[in-house]
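Following: one structure in structure tokens, then a few remarks.
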Amino acid sequence: MSKVIVVTSGKGGVGKTTTSASFAAGLASRGHRTVVIDFDIGLRNLDLVMGCERRVVYDFVNVINEEASLKQALIRDKVDNNLYILPASQTRDKDALTQDKVGKVIGELRESFDYIVCDSPAGIEKGALMALFYADEALVVTNPEISSVRDSDRILGMLAAKSLRAIEGDEPIKEHLVVSRYSPERVQMGEMLSLDDIQELLGINLIGVIPESEEVLQASNSGVPVIRDERSKSGQAYQDMVARFLGEDVPMRFLEVEKKGFFSRIFGA
Amino acid sequence: MKEQETADVGSLHHQRTSAVELKGTVFTLPVLKLHSTDLDAIEHELKVHLARGLNFFRHAPLVIDLAAVEKQAAELDLAALAGILRRLQLFTVGVRNAGPWAAERAVAAGLAVLKGGVTKEEAKEKSSAEPPVATEVLRRRTRIIHHPVRSGQQIYAKGGDLIILSSVNVGAEVIADGNIHVYGSLRGRAFAGVAEDTGARIFAQSMEPELAAIAGNYQVFDEPVPSSLQGKPAQIYLEEEQLVMAPL
């Protein structure tokens, strides 16, 4: 039984595409056939983060308009045979998407993939609604700041009202909270909302906390999903998140301010 | 809004063969009872009602009830009244309790003549009855919401109380003709007693509203609530047109 998972947030720049890329790569590395779709038509980014921007020939809109087949448009990942990317169009806009045509493409993908990850554009307009419409589950990405949490709250309301599951009265979309750009130091200083505050405000299940780190930027720029950087905290946090998504019981890491090591305590930082 | 969404999705699944389909459906429509035929007075009063900051009736279909003005029907310019209502963004669909003369004028003004609903005799009895009795009869249905009310969502309990078994988040609106109970945190906007019920109250497990209103008397909470009430169960009620927040 295939699953459609939307990665959404309301607010822009919180880490949706980074999370989509790492989540999809993580599912694929555990042997699940996974495709990740870039719904940000006109501002495509996912191909960059996945390092396949030079291999884009046909895109999602070409498939929607039946100018290319899915097989032609899907790009296989360089290192993982289980992972495919359906890139967005850079030249079109979101009006190219219609509900029934998107439904047709997703229906086709369901036949050959275990997981279909939909990377949503920011906002609450058509593009974002398209990305969430067919979802079975949702990763809601939030930064520990009040405006991001408010926007996530709004998008959670949309998931509960405007998705196919909501309209048809099926079991509601399963919602998971991903807190990204989390910095224990800044939480301690009161500059960022704490995990408790965020959970109290949003009231959904926390599936992952991704610490703020430089590796994320480096990984994005070099076109490798950060989950593949095994030494980075962010990569490890994404690994944990994927494991939790697949039902494993993994404790949260990187939540506390790191204690200084023996030497730095003696010699000063 | 919801209807619209459903229709969009419906069209995905059904290929229609005929261009139209006629169906009978039951709607609940707001009724505007006229107690006067003075158009200026009607317009003024409606503006006052609409200015209370509640937008439920904007773009609402409306039925005009002529029972109370039956005798002065000849003085009433229905076409002009419909024009006034339209300017106020209310869409008149028809009239009810119209005598034969008024019915003819209604049809000429492009309004439907509705039958059924409350009969003339009942309407006369009701209009002479005490208003509190009428609200007592109406206040029955309670709406219970089990999930959090999120930013951008609006929930209205028509004709009764609204009970939220979760939190009302910032940017959300909860509205009731009766009381509002929130068994979580109330952080959004709450409008109780919108059907002119000054006795309605707002209760919350943790009272931190952005705005609270009872029967159109509202207060914004620009400053955080007093620390003695912060995060504590509290209620809001109306006392001499002033909102009072008190611990429970």
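Values in this text are rule-based calculations from the coordinates and carry no lab data. As the structure is a computational prediction, the values presented were derived from the model and not from experiment. All Cβ positions, glycine included, derive from the backbone under ideal geometry; neighbour counts span all protein chains shown.
Within the shell defined by Cβ-Cβ distances under 10 Å, the residues around B:Pro209 carry a net charge of 0, with Lys and Arg each +1 and Asp and Glu each -1.
In this structure, the residue pairs whose Cα-Cα separation is over 32 Å, taken from A:Lys16/A:Lys78; A:Lys104/A:Lys233; A:Lys3/A:Lys94; A:Lys174/B:Lys23; A:Lys71/A:Lys162, are A:Lys104/A:Lys233; A:Lys174/B:Lys23.
Short-range pairs are left out: with C-alpha atoms under 8 Å and at least six residues apart, the relative contact order of region B:128-247 is 16 percent. Between amide H atoms placed 1.01 Å from N, distances below 5 Å from B:Gly171 occur with B:Arg189, all of them 5 or more places distant or on a separate chain. Karplus-derived 3J(HN,Hα) values for region A:242-247, using 6.51 cos²θ - 1.76 cosθ + 1.60 with θ = phi - 60°, are 4, 4, 5, 4, 7, x Hz; glycine and proline are entered as x. In the elastic network of chain A, a GNM with C-alpha springs shorter than 10 Å, the most mobile of A:Pro172, A:Pro144, A:Pro211 is A:Pro172. Which whole-number percent is the relative contact order of chain A (Cα, under 8 Å, 6+ apart)? After rounding, I find 24 percent. If R0 is taken as 45 Å, the Cβ-Cβ distance between B:Ala60 and A:Glu111 corresponds to a FRET efficiency of 0.45.
Highest-first packing order for the peptide set B:234-243, A:124-133 is A:124-133, B:234-243, based on the mean count of other beta carbon atoms within 10 Å. With a 10 Å cut-off around each Cβ of A:205-216, the average count of Cβ atoms from other chains is 0. Listed by Cβ neighbour count within 10 Å, with the fewest neighbours leading, A:Val141, A:Val242 appear as A:Val242, A:Val141. Does the protein assembly as shown come out rounded, prolate or oblate, given a ≥ b ≥ c as the square roots of the eigenvalues of its C-alpha gyration tensor, rounded meaning a/c under 1.5 and, failing that, prolate meaning a/b above b/c? It is oblate, given that a/c is not under 1.5 and a/b is not larger than b/c.
Cα convex hull of region B:31-116: mean projected area in nm², to one decimal? Mind dumping the intermediate values first?
On the way: hull surface 20.4 nm².
Result: a mean projected hull area of 5.1 nm².
Taking a Cβ cut-off of under 10 Å around A:Val250, the surrounding Lys, Arg, Asp and Glu residues balance to a net charge of -1, with basic ones at +1 and acidic ones at -1. In the Gaussian network model of chain A, springs joining C-alpha atoms below 10 Å, which of A:Gly42, A:Gly26, A:Gly235 carries the largest mean-square fluctuation? Greatest mean-square fluctuation among the candidates belongs to A:Gly42. Percent antiparallel among DSSP beta bridges with both residues in the protein assembly as shown, to the nearest 5? Given both bridge residues lie in the protein assembly as shown, the antiparallel proportion sits at roughly 20 percent.
Among the trypsin sites (Lys or Arg not before Pro) in region A:173-250, those placed in a DSSP loop whose Cβ has at most 13 other Cβ atoms within 10 Å are A:Arg231.
Classify chain A as rounded, prolate or oblate, taking a ≥ b ≥ c as the square roots of the eigenvalues of its Cα gyration tensor: rounded when a/c is under 1.5, otherwise prolate if a/b is larger than b/c and oblate if not. Walk me through the intermediate numbers first.
On the way: a/c = 1.94, a/b = 1.47, b/c = 1.32.
Note, shape of chain A comes out prolate.
Each residue of region A:45-53 is assigned a 3J(HN,Hα), and the resulting list reads 9, 4, 4, 5, 5, 8, x, 10, 5 Hz, derived from the Karplus form 6.51 cos²θ - 1.76 cosθ + 1.60 (θ = phi - 60°), x at Gly and Pro. Rounded, prolate or oblate: which one fits region B:128-247, using the alpha carbon gyration tensor with axes a ≥ b ≥ c (rounded when a/c is under 1.5, else prolate when a/b beats b/c, else oblate)? Here region B:128-247 falls in the oblate category.
Shielding of A:157-164 by partners, i.e. mean partner chain Cβ atoms within 10 Å per residue?
Details: counts 11, 3, 1, 5, 6, 2, 0, 2.
Partner Cβ neighbours, averaged per residue: 4.
Among the GluC sites (Glu not before Pro) within region A:164-269, those in coil by DSSP and having at most 15 neighbouring Cβ atoms inside 10 Å are A:Glu191, A:Glu230, A:Glu248, A:Glu256, A:Glu258.
So if R0 is 41 Å, what FRET efficiency would B:Gln72 and B:Leu22 give, r being the distance between their Cβ atoms, rounded to the nearest 0.05?
Details: r = 37 Å, r/R0 = 0.90.
Approximately 0.65, to the nearest 0.05.
Quick one: net charge around B:Val170, please, counting Lys, Arg +1 and Asp, Glu -1 for every other residue with C-beta under 12 Å from its C-beta.
0
Using θ = phi - 60° in the Karplus curve 6.51 cos²θ - 1.76 cosθ + 1.60, the 3J(HN,Hα) couplings for region B:187-197 round to 10, x, 9, 10, 10, 9, x, 5, 8, 6, 9 Hz; x is entered for Gly and Pro.
Applying both filters, DSSP loop and at most 16 other Cβ atoms within 10 Å, to the trypsin sites (Lys or Arg not before Pro) of region A:72-112 gives A:Lys78.
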